[in-house]
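Novice: Sharing a structure below in structure tokens format, with a few things to ask.
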There are 2 protein chains.
Amino acid sequence: MIRKYLYGTPFPTNAVVTDIPPSTEQLPFFETDSKGTFTYPLQNEDIVYGLGEQIRGINKRGWQYVSWNSDNPNHQEDTRSLYGAHNFILISGRQTFGAFFDNPGRMEFDIGYTHGNRMQIRAEKNDLTVYIITGQDEKHIVKQFRQLIGRSYVPPFWAFGYGQSRWGYQNEQDVRQVAQQYQAAGIPLDSIYLDIDYMERYKDFTVDPKRFPDLGKLVQDMRTQGIRLVPIIDAGVKIETGYDVYQEGVAHNYFCKNAEGKDFVGAVWPGRVHFPDFLQPEARDWFGKKYAVLTDLGIEGFWNDMNEPAIFYTEDRLAETCSEIQRLTAGNMGIDEYFAFTGMVAGLNGNKGDYDKFYHNVAGKMVKHSDVHNLYGMNMTRSAYEALREICPDKRTLFFSRSSYIGAHRYGGIWQGDNKSWWSHILQSMQQLPGLNMAGFLFTGSDTGGFGSDTTEDLMLRWLQYALFTPLFRNHSANGTRMQELYRFDTLHAAGEMVKIRYCLIPYLYSEFLKAALRDDMMFKPLAFDFPADHMAKETEDQLLIGDELMIAPVYKQNARGRYVYLPEEMMLVRMQTWDQIHTEILPKGHHYVDVALEELVFFIRQQKAIPFGRPARNTDCIDHSALQLLGYPGCTYELYADNGFSPEPETSLSVTTL
Amino acid sequence: MIRKYLYGTPFPTNAVVTDIPPSTEQLPFFETDSKGTFTYPLQNEDIVYGLGEQIRGINKRGWQYVSWNSDNPNHQEDTRSLYGAHNFILISGRQTFGAFFDNPGRMEFDIGYTHGNRMQIRAEKNDLTVYIITGQDEKHIVKQFRQLIGRSYVPPFWAFGYGQSRWGYQNEQDVRQVAQQYQAAGIPLDSIYLDIDYMERYKDFTVDPKRFPDLGKLVQDMRTQGIRLVPIIDAGVKIETGYDVYQEGVAHNYFCKNAEGKDFVGAVWPGRVHFPDFLQPEARDWFGKKYAVLTDLGIEGFWNDMNEPAIFYTEDRLAETCSEIQRLTAGNMGIDEYFAFTGMVAGLNGNKGDYDKFYHNVAGKMVKHSDVHNLYGMNMTRSAYEALREICPDKRTLFFSRSSYIGAHRYGGIWQGDNKSWWSHILQSMQQLPGLNMAGFLFTGSDTGGFGSDTTEDLMLRWLQYALFTPLFRNHSANGTRMQELYRFDTLHAAGEMVKIRYCLIPYLYSEFLKAALRDDMMFKPLAFDFPADHMAKETEDQLLIGDELMIAPVYKQNARGRYVYLPEEMMLVRMQTWDQIHTEILPKGHHYVDVALEELVFFIRQQKAIPFGRPARNTDCIDHSALQLLGYPGCTYELYADNGFSPEPETSLSVTTL
């Protein structure tokens, strides 16, 4: 059952698709006070799931989280905000229920931080809609919530292939070399991503004519090798006379305004930019149609970046800062002045105060950005999604975004944001998956190998062994860090085998993805969702169930040659170093220490289940669905979903094959 | 056997105490090349121990470390340098040997980073002494190395008590309140630390007369409550006319000079400072004698901070930066200028280039600081240690430092540097202990609860359950973070019990500390050191042996109510929530999942061993050694070391009691 409660005058976020009349009953579970705080007493056994793309564990207890979409590639244990705002929580314990706080502004979730046994939730502005969802169990609650927020985005089949990306592929030659080296190494590859380097001075919908003199030709050449190019699109539009996007936006008032009604000036990669006002339907339509500049060249996929929106600085704050720097550095700069100085400079980026200084035009009314901040990325993705349904009506376009709000899951996927080449970020990615799935974000994955900082051979191998199970499987890294294309490592062979195994698993992963999307289910579940009475399952933070058949328990610690695994039931351990040499072993329910060599993939098939396992392919176009075999317990069947992989509207009744 | 090899003209670091003639044989194990790189091929089974206070695991494989003493409270997986330079490594595997690279400048240890199966070590300047140590096993190699570098510092007995610290105790009232609240809560306390707040505008050897109008009286009042005050001393000396330390240092040329022979100007807390030239014996003697200002008031312990030395900025670089900021911010500041701008400001702190700009006077010769950088903190501690042996000849003074080099372990302890309230920093502290012990640093511990960032109740409890085993047991936090004195939490009772259990364990911990110090042994050992044939013991990264009797396996993950523990032999599990209710259970060798409630301490007593366990005491003065009981396997004896706890030179033949 879903009950809806209104507080103040909520802004229509477009998060839900079903109109429910407000409840006349009292809000259950929570106590509320005059300050707008929602308080829930936590029992020792209570687990709090949810919050989507947030830091820390699957169980969110013990920290204060803030929903405020933020660009923070260096996120750590004490980070409070990341790229997405996913205000759905699921309390499981003495009482089990879901709660969605539909509010596009800043929200705090104190989940046992101030007091270990108390949850306190508060919106900065007390205008919000609260949905309370009860049901038979955790999965039933999630399913109802997912039905409320609408069906998840389904990408094209090729998006399940392996992708290579890097901020720093400077020109056509760099891109061709990546393709060539992967081919030479015999490692499958479906896509190469273009980061900001391809644009002319970071201007959206431009291509640098010197470095990419004929992008259309490059797209076609790559396509004949089975590789798709996936360019980035940023939120900010460069201020430059003669640049069509800039000029049109100004002419039609498509940009966000400052308090004086002038186009607001922020700065990102190109320096000074305006931000499209994606809350205006006309601006969305206008910006979205610009993608045709690239689809006309044969592009079939995009990623939307910097759409929290990230703001490196604003002109006003920069001027203040520079003048303050002069004052602070004039005399003997001691501790107070020094911290003020360095703090001001560090605080230019993503300064909360800057988000108070611009406005959206919502049906003629000026709405302060900070009141609706968390909707920006979602509406940028919506802009592209809706336009591309018109521009390319005959096929799905790959689409994923950095920033998001619940509702954005209908328009595209998200990647899990900029991360680091840290072992802890393998686990962090894994721990976000259940919360993201609850919030509808099924097409997702981490920057494999780590974006910032320098990766290592072993980190890359272990990351591959985890990421080969995630729908988005992309190796991505930042300019200035160690190059991490798989062919650069001594462990090339082992890495290549992991990618090949991915391709053997794609029929399974695609099936499970579509089942989850079409049935409003989770693809990645905490163990306790299927084993609710199992005490250990509730504690397990580093294993996940995939669909109804698999359990993953990746190694995510350096120099480890094995790990502890808890089996909530008897399972079949599957072990492979190459795609064609598979060792299986039945392990009983309980605790196990499992050896896992560095070059080895280990996963588990659930009792009396089996999965389809194919053969490697150069790319997804070459996957041979007739070569599938069942891997798992003998005598089992598997419901395989297979469609043409590109129809814009996947049928809800797909062909079901029993192998 | 120890062999010594000279390269170039090594600077005398004072790290070793035994003069060994250089070997005439070829350097074993390593290949060397003309660039001064020492290369060793790593086998799969090889473990590389050592590097003391460095990041990552007990096994250092898989990263590139840089010995360059650095102030980095936000250290993460990709940090390369921390507060200490401890260039001792111990390779264990196909060949087992130790190697000490005695070099006071910058050194790189690429331990399977560039290539997973290769170790490459290189000093920036190829003037160094290399010691190669071989022996019967890992422990024998360490013992020989420890004998080479001389006996470890032994603090007074009271230093094993619990200490409360915070940067932010602003005045006498704050300090009195801490004492009072601990007393009211019934939690033992031996010391309260004074951070930079007690000084007059951050000037060493001054006391702010407004905020601490009578420090001597405060010291005495606290002392009658059994509490010692432990003030901080910083490396930089404020430039201020009339300030005696500054004026004397200038007059006698006791400060480091710039290339023009003028006193070098850096900046830290007080703003502009000079750095005492601790490499001059006269300067060491002069600065060390200044501690009498505080010992005269009854102070019996100190901590030395900022002695890497940390440099917030130098005047020259600040001026350059400000002028560059003007240029960069003048036009449209795009990506390149923005990163240059923010990078310059962030790069002011600890800028490597600044360490090239000042000089030490070594027997009349000017030595560039960066060539001897890693010796600075050690010589600051030496300065205090040697002077205090004269000033307070009748007792040991508590002494620990942030920065260190091997050799500093003879003069004082170290704390494990500024850290964060992160769960990962519990494990990080634990993983540093074996390497620190190898390098002679026995008196050490982490900032319990975490220094930077906001702690949580559960993090504090879990941290206490680990830190109550470390010699230095201090709760410390930074200004601006959540207050974390134990009486501030709902979990006050459980936290208090953990501190009481610490006091019950002090007779054991003090004994094991002194045995390790006097016998040149390690107090904290990796499991594999005692179980060298055990494959799992070699992999275990989150358990440690203490002495010959204990094994610890703390819980360091949020929301975990248990953990996996590997027992390399049968052991007795000890479980307690209060000091006087002890549950024990014999567990067989092998893997176990052990439940550990949040309020619960669990540790292990080794097979056929027992430890002395006493009763809680308000402070160490009140510990009743006659109340000790044996805890562990029946019929066992224990060698108890007990002395008066303050004699400056502990006897090597202490009284040995068999309980």
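Novice: Under the classification rounded if a/c is under 1.5, otherwise prolate if a/b is larger than b/c and oblate if not, where does the range B:430-522 fall, given a ≥ b ≥ c as square roots of the Cα gyration tensor eigenvalues? Intermediate results must be reported in sequence, preceding the final value.
Specialist: Values: a/c = 3.07, a/b = 1.66, b/c = 1.85.
It comes out oblate by the Cα gyration axes.
Novice: Which distance in nm do the two modelled labels at residue B:224 and residue B:624 give, with both placed 7 Å along the Cα-to-Cβ direction?
Specialist: Simple spin-label model gives 2.5 nm for this pair.
Novice: Tell me, what is the percent relative contact order of chain A, built from C-alpha pairs under 8 Å that lie six or more residues apart?
Specialist: About 14 percent, as a whole number.
Novice: Would you mind working out the accessible area per residue for the range A:508-658, using a 1.4 Å probe, and quoting it in Å²?
Specialist: 39
Novice: Same structure, new question: Under DSSP H, which helices of chain A have Cα atoms covering 24 Å or more of the helix axis and a Kyte-Doolittle average no less than 1.6?
Specialist: none
Novice: I've got another one for you. Arrange the peptides A:152-164, B:166-178 so that the one whose residues have, on average, the most other Cβ atoms within 10 Å appears first.
Specialist: So the order, starting with the most tightly packed, is A:152-164, B:166-178.
Novice: Taking a temperature of 25 °C and a viscosity of 0.890 mPa s, what whole-number D in µm²/s does Stokes-Einstein yield for chain B with Rh from Kirkwood over alpha carbon pairs?
Specialist: The Stokes-Einstein estimate is 96 µm²/s.
Novice: Still on this structure, I have one more. If we hang a label 7 Å off Cα along the beta carbon direction at residue B:258, how far is it from the matching labels on the other copies, in nm, shortest first?
Specialist: For residue B:258, the other copies' label points sit at 4.0 nm, shortest first.
Novice: In the range A:60-78, what residues drop by 20 Å² or more in accessible surface going from the chain by itself to the full protein assembly, probe 1.4 Å?
Specialist: For the range A:60-78, once contacts with the other chains are taken into account, A:61, A:62, A:63, A:76, A:77, A:78 lose 20 Å² or more.
Novice: Same structure, new question: Would you please classify the overall shape of the range B:2-149 from the alpha carbon gyration tensor, given that a ≥ b ≥ c denote the square roots of the eigenvalues, rounded means a/c under 1.5, and beyond that prolate means a/b larger than b/c while oblate covers the rest?
Specialist: Judged from the Cα gyration tensor, the range B:2-149 comes out rounded (a/c under 1.5).
Novice: Please compute the average number of Cβ atoms from other chains found within 10 Å of each residue's Cβ in peptide A:493-505.
Specialist: Working: counts 0, 0, 0, 0, 0, 0, 0, 0, 0, 0, 0, 0, 0.
If you average over the peptide's residues, the count of other-chain Cβ atoms is 0.
Novice: Follow-up question, since we're still on this one. So how far apart, in nm, are the two label points at residue B:593 and residue B:170 if each is 7 Å from Cα heading toward Cβ?
Specialist: 5.0
Novice: Using packing as a proxy for protection, rank A:211-223, A:26-38, B:70-82, B:189-201 so that the peptide with the highest average count of other Cβ atoms within 10 Å comes first.
Specialist: Answer by packing, highest mean first, reads B:189-201, B:70-82, A:211-223, A:26-38.
Novice: Also: Between the label point of residue B:364 and that of the same position in each other copy, find the distances and list them shortest first in nm, with every label point placed 7 Å from Cα along the Cα-to-C-beta direction.
Specialist: Going from nearest to farthest copy, the values are 9.2 nm.
Novice: Calculate the mean, over all residues of peptide B:332-345, of how many other protein chain Cβ atoms lie within 10 angstrom of the residue's Cβ.
Specialist: Mean shielding by partner chains, rounded to a whole number: 5.
Novice: Counting only protein heavy atoms, probe 1.4 Å: which residues of the range B:242-271 lose 30 Å² or more of accessible surface in the full assembly compared with their chain by itself?
Specialist: B:269
Novice: Provide a list, ordered by number, of residues in the range B:451-480 showing at least 20 Å² less accessible area with every protein chain present than when their chain is taken on its own, using a 1.4 Å probe.
Specialist: B:453, B:454, B:456, B:457
Novice: Next question, about the same structure. When all protein chains stay in place, what accessible area (Å², nearest 10, 1.4 Å probe) is found for residue B:392?
Specialist: Answer for residue B:392: close to 20 Å² accessible.
Novice: Heavy atoms only, probe 1.4 Å: what % of the accessible area of the protein assembly as shown goes to carbon and sulfur, would you let me know? Could you put the intermediate results ahead of the total?
Specialist: Values: 19730 of 42260 Å².
Looking at the protein assembly as shown in its full context, I get 47 percent from C and S.
Novice: Quick one: of A:420/B:139; A:60/A:420; A:139/B:589; A:557/B:139, which pairs are farther than 28 Å apart, Cα to Cα?
Specialist: Distance filter (> 28 Å) returns A:420/B:139; A:139/B:589.
Novice: Moving on. Over the range A:225-305, with the other protein chains present, what is the accessible area per residue in square angstrom, probe 1.4 angstrom?
Specialist: 31
Novice: Moving to a separate point now. Report, as an integer, the average count of C-beta atoms from other chains found within 10 Å of each Cβ along A:279-286.
Specialist: 0
Novice: With labels modelled as points extended 7 Å from the Cα through the Cβ direction, what inter-label distance (nm, one decimal) is found for residue B:45 paired with residue A:330?
Specialist: The modelled label-to-label distance comes out at 7.1 nm.
Novice: I would also like to ask the following. Give the interface area between chains A and B as buried accessible surface, both sides summed, probe 1.4 Å, in Å² to the nearest 100.
Specialist: Between A and B, the summed buried area is about 5300 Å².
Novice: To one decimal in nm, how far is residue A:17 from the same spot in the other copies, if labels go 7 Å from Cα toward Cβ? Please give the shortest first.
Specialist: Listed shortest first, these distances are 7.6 nm.
Novice: Suppose R0 equals 51 Å. What FRET efficiency, 1/(1 + (r/R0)^6) with r the Cβ-Cβ distance, do residue B:37 and residue A:24 give to the nearest 0.05? Intermediate values should be presented prior to the final figure.
Specialist: Details: r = 77 Å, r/R0 = 1.51.
With a Förster radius of 51 Å, E is 0.10.
Novice: While we're here: Give me a comma-separated list of calculated 3J(HN,Hα) values for the range A:231-237, in order, Karplus coefficients 6.51, -1.76, 1.60 applied at θ = phi - 60°, integers in Hz, x for any Gly or Pro.
Specialist: Rounded to whole hertz, the list is x, 8, 10, 9, 6, x, 10.
The values are calculated or read from the model by the stated rules, or taken from the named source; none is laboratory data. Everything numeric in this text was worked out from a predicted model, so none of it was measured. Cβ coordinates were reconstructed from backbone atoms using ideal geometry, including for glycine residues, and neighbour counts include every protein chain displayed. SASA here: full protein model, heavy atoms, side chains in, ligands and nucleic acids out. Shrake-Rupley method; radii C 1.70, N 1.55, O 1.52, S 1.80 Å.
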